[in-house]
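Worksheet for the structure shown next.
The values are calculated or read from the model by the stated rules, or taken from the named source; none is laboratory data. Bear in mind that the values here come from a model prediction, so they are computed numbers and not experimental data. Reconstructed Cβ throughout: ideal geometry from the backbone, glycine too, with neighbour counts over all protein chains shown.
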Amino acid sequence: MASAISTEPHVQQGRWLESKRPMGLGLMMPIAEQNAVEADSPREGFRDFLAMAKMAQQIGYDMIWVPDHFILKLDWHGGEARGVWECWTTTAALAAAVPGLGIGTMVACTGFHNPGSIAKFAEVIDEVSDGNFVLGLGCGWHGDEYEMFGMPFDHRVDRFEEAMEIISPLVRKGRATFEGDYYQARSAVNFPQGPQGKDGGTPIIFGAQQPRYGELFTPTIIITAEKDKIVSPKRHARALAVDMPAAELVIAPDTGHMPHRLRTDLVIAAIPRVHEMTSAPVED
């Protein structure tokens with residue numbers, strides 16, 4: 001890994017999209033060919049996602065989030081690889097179809113594309129969404145998809161660091177120069193910029209589970225069908241120009257599964273409790 005990597009953010013941290021409340025509500029979109037967490041589920045397509053997004057906006061959500069995978073091959077699938085609708089094109093289509101609703105990638109893998117391409121994708125979606133886009137990035141974790149498509153799975157965090165040395169200034173300032181072991185940018189430019197370009201670019205967040213990423217504070221609140229629980233904040237992800245919300249709300253049917261369907265009964269029941277929960281002490 002190149003030794004010249006900087007840990008200084010390119011702009012002041014703490015930027016986020018405006019919300020109707022102190023804590024925003026976000027919905028994770030289920031874009032797998034079959035459900036990512038159930039062994040047997042129907043195929044859902046773009047019009048299903050669109051209906052979910054419109055319902056989420058109607059009942060008061062601030063954001064929808066789109067995952068990034070080529071395939072999912074999990075134990076409860078019986079070892080069968082399941083396809084996933086492509087992240088960036090799906091995100092752009094939803095941004096155009098549901099104006100006014102915040103949208104982000106949760107999280108886009110920097111190992112799937114050149115850093116310059118990711119910066120360009122971000123500007124287009126920021127433009128399409130009229131400045132309501134959040135760029136979520138991670139280094140990837142699902143080794144099967146890397147092997148399937150011949151992508152390098154080694155040194156993922158080192159590669160991620162170098163990618164961010166290009167993506168961050170391209171999104172923030174429209175220009176980047178960097179020479180790394182894995183990625184290079186030589187007087188690269190990223191124009192035109194989307195609406196958020198005038199304010200320092202689209203917010204950037206990281207998805208991480210290991211201390212290797214550094215220290216950032218992101219409390220997560222999980223509301224389940226069984227009980228309300230505020231889980232411990234995780235302090236992960238290096239501060240390379242990353243913007244984090246004060247808190248993120250995830251609504252799921254139970255704590256043992258990822259949120260996978262828009263359960264309107266849970267959502268409607270949860271929204272009035274959000275203010276009360278955010279003022280409660282955080283569990284260890």
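Tabulated data
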| quantity | calculated |
| --- | --- |
| Members of the stretch 149-179 that are within 15 Å of HIS113 (Cα to Cα), crowded, with 20+ Cβ neighbours inside 10 Å and among the charged types (D, E, K, R) | ARG159, GLU161, GLU162, GLU165 |
| Of the criteria (1) in a helix (DSSP H, G or I); (2) under 21 Å from GLY138 (Cβ atoms), which one ALA56 fails | (2) |
| In the stretch 185-196, the residues that are more than 22 Å from TRP16 (Cβ to Cβ) and either in contact with a strand residue (DSSP E or B) (Cβ under 8 Å, 6 or more places away or on another chain) or crowded, with 16+ Cβ neighbours inside 10 Å (or both) | ALA185, ARG186, SER187, ALA188, VAL189 |
| Leading residue by the ranking (nearest to GLY102 (Cα to Cα)) among those in the stretch 152-211 that are touching a residue at least 24 places away in the same chain (Cβ under 8 Å) and basic (Lys, Arg) | ARG172 |
| Flag for PHE112 being in contact (Cβ under 8 Å) with a residue 40 or more places away in the chain, of a type in the set (Phe, Trp, Tyr), within 19 Å of ILE166 (Cβ to Cβ) and out of contact with any Leu (no Cβ under 9 Å at 6 or more places or on another chain) | yes |
| Residue among ALA96, ALA51, ALA92 that is more than 20 Å from LEU137 (Cα to Cα) and either in contact (Cβ under 8 Å) with a residue 24 or more places away in the chain or surrounded by 22 or more Cβ atoms within 10 Å (Cβ to Cβ) (or both) | ALA96 |
| Residue selected from the stretch 99-127 under the condition farther than 22 Å from HIS69 by Cβ and either hydroxyl-bearing (Ser, Thr, Tyr) or over 16 Å from the mean Cα position of the chain (by Cα) (or both), by the criterion surrounded by the fewest Cβ atoms within 10 Å (Cβ to Cβ) | GLY100 |
| Test result for GLY83, part of a strand (DSSP E or B) and buried (at least 21 other Cβ atoms within 10 Å of the Cβ) | no |
| Selection status of GLY136, in contact (Cβ under 8 Å) with a residue 12 or more places away in the chain, under 18 Å from TRP16 (Cα atoms), of a type in the set (Gly, Ala, Ser) and not in a strand (DSSP E or B) | no |
| Only one of TYR146, TYR182 that is assigned to a loop (DSSP other than H, G, I, E, B) and surrounded by 15 or more Cβ atoms within 10 Å (Cβ to Cβ) | TYR182 |
| Residues that are at pLDDT below 50 and out of contact with any His (no Cβ under 6 Å at 6 or more places or on another chain), drawn from the stretch 182-225 | GLY214, GLU215, LEU216, PHE217, THR218, PRO219, THR220, ILE221, ILE222, ILE223, THR224, ALA225 |
